[in-house]
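Inspection log for the structure reproduced underneath, given as structure tokens.
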Amino acid sequence: MHPNGWDHALKVTGDGTGLVGHAGAILLRKAADQAGLTAGLGAALRRAGKSPLFDRGAALVSMAAAIALGATSMSDIGVLAHLSPVLGTAPSGPTMRRALDLAGGTAMLERIAKARARARAHVWQLIEKTPAGFPWLVIAGKTLTGWVVIDMDGTLVTAHSDKEGAAPTWKKGYGFHPLAAWCINTRESLAMLLRPGNAGSNTFADHKDVLAAAIRQVPARFRRRILVRIDGAGASHDLVKHLLGMSSPRRILLFICGWMITPADEDAIKMVPADAWKPGIAQDGEIEEDKHVAEVTHLMSRAGNWPAGLRWIVRRTKPSRRQVKNLTDYEKKTGWRYSITCTNIPDTGITDVPGSHHPQYIDVVHREHAVVETDGVRTAKAMGLRNLPSKTWQVNCGWVHRREHRRRPHRLDPPPRLPR
């Protein structure tokens with residue numbers, strides 16, 4: 001724990017004198033200070049021969065607290081003015097721009113990442129010592145003890161003015177296409193890469209870099225068992241090959257990713273015997289009689305074009321009215337909508353998770369990836385990612401990485417699951 005100079009007489013009360021509102025912002029700053037994040041960022045951003053009036057680490061943490069209060073631009077740092085009796089004078093808008101410009105440089109981003117990793121290791125150690133312990137995921141009634149789950153996903157950020165790096169997007173918009181990785185156990189953003197709007201959804205190099213950065217953020221003691229989940233848009237041949245090669249004697253890395261169905265894959269689905277289809281499983285472990293799952297690994301004609309050690313799981317559901325117009329001829333004929341999942345989870349299943357080898361369980365684990373849309377992407381946009389504040393690329397890179405400093409180490413209980 002790092003002592004603070006400003007909170008030695010801090011109290012929470014509803015009456016009296018010398019009061020300030022928005023106590024949550026003060027708690028955010030206090031948590032960052034005591035976890036060592038503020039000091040770590042300040043040290044990372046320190047330059048020889050430079051002595052800024054306002055510590056750059058404190059400036060970044062202050063901006064994070066301001067965003068929690070509704071700030072959407074650098075000048076909105078002024079929302080912290082009413083907290084000055086506690087936190088002291090807030091940094092100015094120009095100070096924030098200089099801090100973000102400094103933080104957005106390539107070398108500084110590496111130093112910031114190391115500072116974040118040190119603070120995270122300390123916080124995760126504290127979480128382990130709580131009565132609830134570390135929040136291992138519970139999926140369909142099974143606890144994935146010892147497994148850190150990393151979800152990767154991209155999103156589009158609209159630019160309403162001409163900004164450096166902004167480009168047309170695949171949805172016919174204009175802006176940016178950042179790619180990120182979240183730890184679903186703690187709902188933390190581990191790594192995020194700002195990319196132009198025309199960046200590909202399945203660019204292997206970007207996925208490789210973001211995943212590597214995310215794993216470096218995971219404390220070493222928790223890297224022994226990692227489960228990575230990626231949707232179909234992000235999966236590629238190179239990425240699957242790379243993921244298969246990431247396991248070692250000291251680390252098990254399993255992955256589940258979506259799959260783009262081709263006519264050859266539909267031919268494999270046609271050969272699935274009627275009795276091979278088994279009822280699906282919901283997130284709460286209940287049986288879904290109107291949804292079915294089967295393994296098609298032995299029927300996939302394309303399997304020979306992919307590395308060994310893969311399994312393919314097919315799921316069929318009744319299409320919604322919105323999905324009907326996008327059905328293939330085969331799907332229209334059968335009345336089912338099909339999706340395929342690719343994984344390297346072996347026939348023996350996930351280590352120390354009994355029953356995880358069944359196709360139904362692999363399917364439900366992959367569908368739980370949808371939580372990244374709410375607890376990951378939507379939260380990120382609500383907390384600063386929706387609007388990149390500067391015309392310059394480097395400042396916006398600093399802004400993207402600054403929003404990763406808002407951490408919730410107190411959230412210990414597994415979050416609620418999305419209904420399926």
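Quick rundown of the values:
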| read-out | value |
| --- | --- |
| Segment 242-262 versus segment 127-205: alpha-carbon centroid distance in Å | 17 |
| Net dipole in debye of segment 1-133 [+1 Lys, Arg Cβ; -1 Asp, Glu Cβ; about Cα centre; nearest 20] | 500 |
| Cut-off 12 Å between beta-carbons: net charge of the residues surrounding ILE256, Lys and Arg +1, Asp and Glu -1 | -1 |
| Check: the chain dipole with +1 on Lys, Arg Cβ and -1 on Asp, Glu Cβ, in debye | 920 |
| Loop GluC sites (Glu not before Pro), segment 260-354 (other Cβ atoms within 10 Å of the site Cβ: 14 or fewer; DSSP) | GLU286 |
| HN-Hα J in Hz across segment 28-38 - Karplus 6.51, -1.76, 1.60, θ = phi - 60°, x for Gly and Pro | 4, 5, 5, 5, 5, 5, 6, 7, x, 6, 4 |
| Rounded to the nearest 20 debye, dipole of segment 135-378 from Cβ charges on Lys, Arg, Asp, Glu | 260 |
| Cα coordinate range in the chain, projected on the principal axes (Å, largest first) | 73, 50, 43 |
| Estimated FRET transfer efficiency when R0 is 30 angstrom, pair LEU19-SER73 (beta carbons, to 0.05) | 0.60 |
| Phi-based couplings in Hz for segment 392-401 (Karplus 6.51, -1.76, 1.60; Gly and Pro marked x) | 9, 5, 5, 5, 5, 4, x, 5, 4, 6 |
| Integer Hz, Karplus 6.51/-1.76/1.60 couplings in order for segment 60-76, x for Gly and Pro | 5, 5, 5, 5, 4, 5, 5, 5, 4, 8, x, 5, 10, 8, 5, 5, 6 |
| Built amide H within the under 5 Å cut-off of ILE281, gap 5+ | GLU288 |
| ARG46/GLU164 FRET efficiency (R0 22 Å; Cβ-Cβ; nearest 0.05) | 0.25 |
| Per-residue [θ]222 nm for the chain (sum of -39500 (n - 2.57) over DSSP H runs n ≥ 4, rounded to 500) | -9000 deg cm²/dmol |
| Of ASP209, ASP101, ASP231, the one that fluctuates the most in a GNM where the chain has Cα springs shorter than 10 Å | ASP209 |
| Rounded to 5, percent antiparallel among DSSP beta bridges of segment 135-378 | 75 |
| Cα centroid separation, segment 1-56 to segment 337-395 (Å) | 33 |
| Listed pairs LYS172/LYS381; LYS171/LYS325; LYS30/LYS129; LYS325/LYS381; LYS172/LYS325; LYS50/LYS381 exceeding 25 Å between Cα atoms | LYS325/LYS381; LYS50/LYS381 |
| Amide H partners (placed H, <5 Å) of VAL149, local residues excluded | ILE184, ASN185, LEU227 |
| Kirkwood-Stokes translational diffusion coefficient of segment 1-133, alpha-carbon pairs, 4 °C, 1.567 mPa s, µm²/s | 82 |
| ALA9/VAL138 FRET efficiency (R0 51 Å; Cβ-Cβ; nearest 0.05) | 0.75 |
| Cα pair distances exceeding 35 angstrom across segment 135-378, given as percent | 15 |
| Charge dipole of the chain about the Cα centre (unit charges at C-beta), most positive-ward option of GLN283, VAL138, MET192 | MET192 |
| Cα→Cβ-extended label distance, 7 Å offset, between THR262 and ARG321, nm | 3.6 |
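The numbers here are math on the coordinates, done by the rules we state, and not lab data. Remember, predicted model here, so these are calculated numbers, not experimental data. For neighbour counting, all protein chains shown are included, and Cβ atoms are generated from backbone atoms with ideal geometry for every residue, glycine included.
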